[in-house]
Amino acid sequence: MAEVSNLLQTFDLEADDCVSHPVEVSQSGRGVLARTLLSGLGKALAATAVLGFVGGSLELMGIGGRGAHHREAVFESHLKDFTELTSVMTKCRDSKEGDSCYFSVHWAMTEGIFGHPDWYQGLTPASSFGEFQYSLYKSGATNCTSFKPCDIEAIKQKAAAGATAAANVVAEPPPPPGPRAQTFYMYRAQSQASYPLENINTADLAGALWYLHNEVVVATPRKYKIDRIKRFKVTVKNTWEFWNAHKRQFSAFVAYDAGGCTTPVCKDIYHQYGFVVGCQVQPLSVAKYMGRHQTNWQCRAGEDNCRAPIWYSLPGPCPAKGIPNGAIDPNSNDLDVDKYKSPECTRRMPGGLCKAGIKEPTGAPDCTYTYENAGEVFLDELVGLKDYNQFWNTSYTQCMKDKAAHVLPIDHVCLHNKEYDPVTDRGVGTSFWDRKLDADKCTDRLDKARKLFKEKFPQFPEHLEEPACEFDMYYGGEFDWKINHTGSPKSDFWEQRM
């Protein structure tokens, strides 16, 4: 049955997608062997069509005592219907935004490949839209069974070349034990004020939006005049002294405020281990912003908590001395965060930022991280507001004036706009922040932020995988333990530290 073989080939089937079911059919006195009826689940609609039109008929299989001529007529009837169906189904069709397959492909590219890479054999986060569409088409994904990519041959050739290259690559050995230099993005929500990345808290992108959603946009106007998200490309390598005690890449998160550490154990941590960078994950029960990769070890495999948002702490000079509470003006754009730090304290406790000219941290107690600015995006542009002051401040007054002047109907209700109201879980005048516990909505906001950064700063990768925050705990009495310097570069810090 050449016709059957040709029809099956139009579905781009491989030999291992099929099972043999010989069917003897008399046709003009000649016996013809019809092979390769599909095995079910993997091919979804295509399999259903073949089984239904060709293999699903008891009469076609010769059961029930009917004659050969009758079976031939039944087969020809089914084959005609099946041919008409495949003329529609097998035309190439590239998925476009708005169709049923597009969402599945987009999710696979932005979420699936990161959370479940084993689902997409042969693909990487850098694979093209067409490659992902082809993978879903081949897998029988419900939304994509009729979306055979038009450049399928080129996709196949690229996949074959990638497989050949992968087969020739010698697997890299696992990294040696000890602190590793890890490069990733950190983000910070802030105002137009500009501060060096020292004695400060940052976050991954999920952590930055988690903070904005819970502490900034709930206020009208926004808390601390925050109007942007700044991005930094950071490389972190913590000290051997910390690794030798904990066998972890990150220390505990500590809080910074106005240039000083406000967590009581800060001095003990930095005295014992040098200026180690810390982290902590934030609860998804407050807002459902999740990273693309595993960020948390304190979870069961596959749980959403494994991708919880992260906050970081970056120690700078003399972290014990910040601006006293009575001298802090939270709305000022020019706070001098070093005003209360003495020259001696700054010299003896220099912080973890490596000196100018050092491109990668050494893991010395005073060289645990480096960074470069990687752009900023404004909240107004992200949210879709043309004029924030008009949005929250003057829009209500203008509405009342328009009602008085009969520009608006007298029964029109004027409202005070708000970006987000935690009581209703909605905004007034904008829907951008609606539903903070909706994982899909939170993911959409993260995607919009990534896209905006990419549009504005194409020279930087859209995404860098952030390492997991795997700190365990501080142990009772550990700050009195003898410091283990094994593996550590020599440093004068240990003799001069305060």
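Annotations
- Summarising the amide proton neighbourhood of ALA252: residues at separation of 5 or more, or on other chains, whose placed amide H is nearer than 5 Å comprise CYS279.
- Linear extension gain, CYS345 paired with LYS386, 0.36 nm per residue minus alpha-carbon span: 10.2 nm
- Gain on full extension, evaluated as 0.36 nm per residue between GLU495 and ILE410 minus their Cα-Cα distance, stands at 22.9 nm.
- In the full protein context, the stretch 292-351 carries 54 Å² of accessible surface per residue, based on a 1.4 Å probe and ignoring ligands, DNA and RNA.
- Per principal axis, descending, Cα span of the stretch 274-378 in whole Å: 50, 36, 27
- Cross-link table LYS288/LYS454; LYS138/LYS448; LYS359/LYS451; LYS158/LYS233; LYS401/LYS441; LYS233/LYS482, entries beyond 26 Å C-alpha to C-alpha: LYS138/LYS448; LYS359/LYS451; LYS158/LYS233; LYS401/LYS441; LYS233/LYS482
- Spacing of the two label points (7 Å from each Cα toward its C-beta) at HIS271 and ARG426, in nm: 5.5
- Spin-label pair HIS116/SER194, simplified geometry with 7 Å Cα→Cβ offset, distance in nm: 4.6
- Put LYS288, LYS321 in order of accessible area, highest first, and with a 1.4 Å probe you get LYS321, LYS288.
- Taking other residues whose beta carbon is less than 15 angstrom from the beta carbon of HIS412, and scoring Lys, Arg as +1 and Asp, Glu as -1, yields 0.
- Spatial extent of the stretch 359-498: Rg and Dmax, with the Cα atoms as the point set, Å: 25.5, 79
- The chymotrypsin sites (Phe, Trp or Tyr not before Pro) of the stretch 441-482 that meet both conditions, a loop assignment by DSSP and at most 16 other Cβ atoms within 10 Å of the site Cβ, are TYR474, TYR475, TRP481.
- Cα→Cβ-extended label distance, 7 Å offset, between ARG435 and LYS225, nm: 3.6
- Proximity of backbone amide H atoms, modeled 1.01 Å from N, is registered between ALA374 and ARG231, PHE232, LYS233 at under 5 Å, excluding neighbours fewer than 5 places apart on the same chain.
- Here the stretch 359-451 is assigned +1 on the Cβ of each Lys and Arg and -1 on the Cβ of each Asp and Glu. Its dipole about the Cα centre then comes out at about 280 debye.
- The share of accessible area on the stretch 243-375 that comes from carbon and sulfur is 48 percent, using a 1.4 angstrom probe.
- Low-density loop cleavage sites - trypsin sites (Lys or Arg not before Pro) in the stretch 361-410, where at most 14 other Cβ are within 10 Å (DSSP): LYS386
- Projected-area mean, the stretch 350-401, by convex hull of Cα positions, square nanometres: 6.2
- Taking all protein chains together, MET498, MET186 sort by accessible area into MET498, MET186, largest first [probe 1.4 Å].
- For GLY260, the amide hydrogen comes within under 5 Å of the amide hydrogens of ILE323, counting only partners 5 or more places away or on other chains and with H modelled in the peptide plane.
- Using the Karplus relation 6.51 cos²θ - 1.76 cosθ + 1.60 with θ = phi - 60°, the per-residue 3J(HN,Hα) values for the stretch 190-201 come to 7, 8, 6, 4, 10, 10, x, 7, 9, 6, 8, 9 Hz, with x marking Gly and Pro.
- Using the Karplus relation 6.51 cos²θ - 1.76 cosθ + 1.60 with θ = phi - 60°, the per-residue 3J(HN,Hα) values for the stretch 440-445 come to 5, 5, 5, 5, 4, 5 Hz, with x marking Gly and Pro.
- Within-11-Å neighbourhood charge of ASP380 [Cβ basis; K, R +1; D, E -1]: -1
- Multiplying the residue separation of PHE129 and GLU97 by 0.36 nm and removing their Cα-Cα distance gives an extension gain of 10.4 nm.
- Derived scalar couplings between HN and Hα for the stretch 214-224 equal 9, 10, 10, 6, 6, 9, 10, x, 4, 4, 6 Hz in order, rounded to whole Hz, by the Karplus curve 6.51 cos²θ - 1.76 cosθ + 1.60 (θ = phi - 60°), x for Gly and Pro.
The values are calculated or read from the model by the stated rules, or taken from the named source; none is laboratory data. Being a predicted model, the structure only gives us computed values, none of them experimental. When we count neighbours, we look across all protein chains shown, and the Cβ atoms used for this are built from the backbone with ideal geometry, even at glycine. Just so you know, the surface numbers come from the protein's heavy atoms only, side chains and all, with ligands and any DNA or RNA stripped out. Shrake-Rupley method; radii C 1.70, N 1.55, O 1.52, S 1.80 Å.
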